[in-house]
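Just so it is clear, none of the values below were taken in a lab; they were calculated from the coordinates. All values derive from a computational prediction rather than experimental measurement. Here the Cβ positions follow ideal geometry from the backbone for every residue, glycine too, while neighbour counts run over all protein chains shown.
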Amino acid sequence: MFGLIGWIVLSKGWRSAWWIIGVGLLFGLAPLALLLVRRSPESISIDPDGEPAPDLDSSSDYTLTAALSTPSFWVFGISSAVYGLIASGIALFNESILAERGFDPSTYHRSLVIVALTALTGNFLGGWLSSKWRMNRLLSFAMVLLAGSLIALPFVRTQVHVAAYALVMGLAGGFIIVIFFSYWSAAYGRLHLGKIQGVAQALTVVASAVGPLLLAECVSRTGSYASIFYVLTGVVLVLAALAWMVRVPRLS
């Protein structure tokens, strides 16, 4: 779809592409969501993850205040937010970023396809690894991958370089998305999940709004995107180290 939408933008303009996406969402995905989405596994007599639900008193679940008092909330929340900041900034300026390195728009469209496909791979692989590894270690690994793609981006010079950057970026994103949507209930329970995950989501939304502004400010001041990628690499590596060390709460 990235390749198709990219072709429509180049041949028909962004308005036509935007209109097609809107129609697809309205008449394609919205009816499917209404037909298929359910509130919870239990609402249709299915145990979560195909296993019997644990017999826990809901009093063992964390309240919002209790969750906010744990270091792991902030490590996982800020890590997800920083990924949102990076992803939104690069998504908006990716064509310009690659043009700075001497690549044409078709390279940008191909990189989007690679990111999307490897992110899907990361979703499946991350879901499988989350049952094998501790969640904080998986987050740390994903952040190291993200840091690697960021530090490499200012140095891409060939199509192979772009493909490798896009592959690692997509894989890291696939991991982080799975972690974000599975961590909160696993660590804090589901009784107050809406409040807890809502606060974490708010962090991500704010950071995603800031991301493009940071990249735009960087290029306006320095004439290049490179500086912000170096800074973000350092931030991501610090978060990777914190994720490795932080204790993940366990429901009693």
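Quick notes on this structure:
- Per-peptide packing, taken as the mean over residues of other Cβ atoms within 10 Å, places 216-226, 141-151, 20-30 in the sequence 141-151, 216-226, 20-30 from highest down.
- Total charge dipole magnitude, the chain, about the Cα centre, Cβ charges on Lys, Arg, Asp, Glu only, Debye to nearest 20: 360 debye
- Helical mean residue ellipticity (222 nm; -39500 (n - 2.57) per DSSP H run of 4+; nearest 500) of the chain: -25500 deg cm²/dmol
- Cα long-axis angle, helix 193-222 against the chain (0 to 90 degrees, to the nearest 10): 20 degrees
- Taking every C-alpha pair closer than 8 Å and separated by at least 6 residues, the mean separation divided by the residue count of region 151-246 gives a relative contact order of 30 percent.
- Cα centroids of region 63-126 and region 1-52: 19 Å apart.
- Most mobile of 158, 204, 121 in a GNM of the chain (Cα contacts under 10 Å): 158
- Region 140-250 shape via C-alpha gyration tensor axes, a/c threshold 1.5: prolate
- Entry for Cα extents along the principal axes in Å (calculated from the structure that is shown) out of (i) 59, 43, 29; (ii) 49, 38, 34; (iii) 67, 41, 39: (i)
- GNM result for the chain, Cα springs below 10 Å: residue of 227, 111, 69 fluctuating most strongly: 69
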